[in-house]
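Colleague: Structure below; questions to follow.
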Amino acid sequence: MKKIFLIIAVLLFLLLSSFFYTKREDSQNVLDYLGKEKDFILSKYGRPSLIESAGGGGGEMLYYEEEKLAFIFSDLEKDIVNNIILLPGRDILGAKVGMRFDEIENIIGKPKKRTLDPYQNDYIMIYEIKDGDIEIWFSANSDNSPTEMAEVFWKGYWD
């Protein structure tokens, strides 16, 4: 009987370990979604919690509440991910949305800009990666508040 319980415990541990490993790996590679087609996102995540119009030049946003993630397709002719929104609990480059700016800076390094955004009336911290091809904007209510969102902008997409 002990042997059966031990086997079940080991199998349960392996199953849970693989689930958590997959989630961690997925969240660290969120930048890999840039350039993915809408069909790929739908097949991976299924039906979104919300579909909304994307601001700016039009397009569409697929929001996945449970994943704390939204994909933006600004160019409907090509229908590929060109911006991403991450909400608290989601991580990027080793930093987690919900951390304060100082904590993020300790992980990622000095940002390109850290200031009040006069248009949104919140504080932003901007990082450029991949030779300026991608910008990541963390935003918070104050310079010392937990971040509420990170936006990934694929600037090179429009070049």
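Colleague: Do we have residue 155 as at pLDDT below 95, in contact with a strand residue (DSSP E or B) (Cβ under 8 Å, 6 or more places away or on another chain) and among the basic types (Lys, Arg) here?
Modeller: Yes; evaluated as a whole, the condition is true for this residue.
Colleague: Something else about it: Mind checking whether some residue in the range 49-68 is closer than 18 Å to residue 91 by Cα and either in contact (Cβ under 8 Å) with a residue 24 or more places away in the chain or not assigned by TED's automatic domain parsing to the domain that holds residue 135 (or both)?
Modeller: Within the range 49-68, one or more residues are closer than 18 Å to residue 91 by Cα and either in contact (Cβ under 8 Å) with a residue 24 or more places away in the chain or not assigned by TED's automatic domain parsing to the domain that holds residue 135 (or both).
Colleague: Collect the residues in the range 38-63 that are under 25 Å from residue 133 (Cβ atoms) and either assigned to a strand (DSSP E or B) or among the acidic types (Asp, Glu) (or both), keeping them in residue-number order.
Modeller: Across the range 38-63, the qualifying residues are 39, 60, 61, 62, 63.
Colleague: Out of everything in the range 49-69 that is surrounded by 11 or more Cβ atoms within 10 Å (Cβ to Cβ) and of a type in the set (Gly, Ala, Ser), what residue ends up being nearest to residue 85 (Cα to Cα)?
Modeller: 54
Colleague: Going residue by residue through the range 81-89, is there one that turns out to be part of a loop (DSSP other than H, G, I, E, B), touching a strand residue (DSSP E or B) at 6+ places or on another chain (Cβ under 6 Å), surrounded by 14 or more Cβ atoms within 10 Å (Cβ to Cβ) and β-branched (Val, Ile, Thr)?
Modeller: Checked against the condition, which is being part of a loop (DSSP other than H, G, I, E, B), touching a strand residue (DSSP E or B) at 6+ places or on another chain (Cβ under 6 Å), surrounded by 14 or more Cβ atoms within 10 Å (Cβ to Cβ) and β-branched (Val, Ile, Thr), the range 81-89 yields at least one hit.
The values are calculated or read from the model by the stated rules, or taken from the named source; none is laboratory data. Since we're looking at a predicted model, the values are computed, not measured. Methodologically, a virtual Cβ is constructed for each residue, glycine included, from the backbone with ideal geometry; neighbour enumeration extends over all protein chains shown.
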